[in-house]
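Taken together, the values in this text are just the output of simple stated rules run on the coordinates, not laboratory data. None of the values given here were measured: they were computed from a predicted structure. Here Cβ is always computed from backbone atoms with ideal geometry, including for glycine, and neighbour counts include all displayed protein chains.
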Amino acid sequence: MSVVQFMVSLDLSVVNVGLPEIGSSLGFSEVGLTWVIHAYALTFGGLLLLGGKIADRYGHKRVMLFGLGLFGIASLVGGLAHSPGQLIASRAAQGIGAAALAPAALALLASTFRGGKERVKAFGIWSAVNASGGAVGVLAGGLLTQYAGWQWVMYINLPMAAVALALSWRGIAKDTPSARRGSPDVLGAVLATAGAALLVFGVVRTDQHPWTSPTTLITLAVAVALLAGFVQVERTTTRDPLIRLGLLANRSVAGANLYTLLFGGAMASVLYFVSLYLQRVLGGDPARTGAQFLPFALGVVVGSTLAVKLGYKFAPRNILITGGTLAAIGFAWFGLIRADGSFLVDVLGPSIVASVGIGLCLAPAVSIATGGVAPHEAGAASGVLNSTRQIGASLGLAALSTVANDRTGDAVTPGSLTDGYALGMLAGAGILVCAVLIAVFVLPRPAPAAEGAQTP
């Protein structure tokens, strides 16, 4: 399970450092390059709930093995891609595989270690591997792109998928599917994923079609209609719904998901903009860029560790407010980057501040989203939160990259690129401020006696 989670976590960050090389090699446009990230995040987030339902119905081991196989094949095809369309399609297939294997793997971990010190230890190892996957991803992405070619940011998944398949095949007992309450709601998953993808597509294409153009308005209208159709299907379906809509009436669940939607969009943009700034403006190579991302990755780990320790003294809501404020300060600091800047002056400081803030927010958001629901719905609430984070990452990156591209314009010079990236980061700071306001005014205040008794 740790190998599986390491692979999924690594794949979320390993491509970021290689994006400039991927763009120049395959002929991506400035905005089109974001679809290397969108394709994975949208299919992963949009189909995650369906993946969990299918795993419950047909067996966690079986579904995880299928997801691993698909993930590995998609990684191979992505490395062999010769056009933007081929790479985007393979990234989407990776997202489908991840949506199958991630919830199945976590369910297997939970069912194998049911309680006591072994469960605490198992989930501690799983959490550490999850955090380290992101940290290793940025370094590995730079080294592989520099010395082996960008294709290896895709090929790196092949040995991990093979090892996980071998270990799972021999080391995990066949599990019994849960009682079948109805067929999984495939239509709902398709509507949600298609609606979110079309919404991102409409936003991204505003560089060619203005917001008020018929093309953009029709695209966004169809996206809204698909998402409305998803809500209607969830309300009326006779199948096993992806989510009980009444769950979102819970103030804690709704507030935590709104916070995470905004937070996810800002978090995705920092990896994207800083990677491009370090390479396209400061002239760093991929290997150096990967190494320069390590303080950011380690800062997330430090923030996550602090969140656990602070969680015994302070309510999760207060930690979210603190972490979101720190992250917003870091993003605003990134907005001061210069065309003639340097890593030490322009990047290191805001990287540390923003990353510690981000790390502080991860566990408390899960705690709030799952703490106010019935025990039998905690898994569903967690799944919704993970989906929200992935979809928020794609929507936020689409909006912020469009804002940056509008500022950059047609003159692609270090100065114009810096202006665009800086504006994107400042807009990200604004999004984080909105997230903090949601934590302040939407999330319920803890009872005085509960302060200090919460856990993240």
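The table below gives the values:
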item	result
Whole-number percent relative contact order across the range 1-177, with pairs defined as alpha carbons under 8 Å at least 6 apart	42
Length gained when the stretch Asp340-Asp285 is fully extended (0.36 nm per residue, less Cα-Cα span)	18.1 nm
Amide H contacts of Asp240 (H built 1.01 Å from N, under 5 Å, at least 5 apart or other chain)	Ser183, Asp185
Inter-centroid distance (Cα atoms) of the range 286-300 relative to the range 227-244, Å	42
Cβ charges +1 (Lys, Arg) and -1 (Asp, Glu), total dipole of the range 249-456, debye	480
Over 29 Å [Cα-Cα, the range 1-177], rounded percent	20
Candidate lysines for bridging to Lys117, where Cα separation is under 20 Å - those fewer than 8 sequence places away on the same chain excluded	Lys309
Farthest positive-ward along the range 1-177 dipole, Cα basis, beta-carbon charges - from Gln94, Met154, Pro20	Gln94
Normalised alpha carbon radius of gyration of the chain [divisor 2.2 N^0.38 Å]	0.93
Lys, Arg +1 and Asp, Glu -1 on Cβ, resulting dipole of the range 193-275 about Cα centre, debye, nearest 20	200
Candidate lysines - alpha carbon under 28 Å from Lys53, same-chain residues fewer than 8 apart omitted	Lys61, Lys121, Lys174
At least 30 Å along the helix axis (C-alpha) and Kyte average at least -0.5, DSSP helices within the chain	35-58, 84-112, 116-147, 214-236, 251-276, 348-371, 378-408, 414-441
Lys, Arg +1 and Asp, Glu -1 on Cβ, resulting dipole of the chain about Cα centre, debye, nearest 20	1540
Cα Rg, Dmax (largest Cα-Cα span) when computed across the range 249-456, Å	17.6, 58
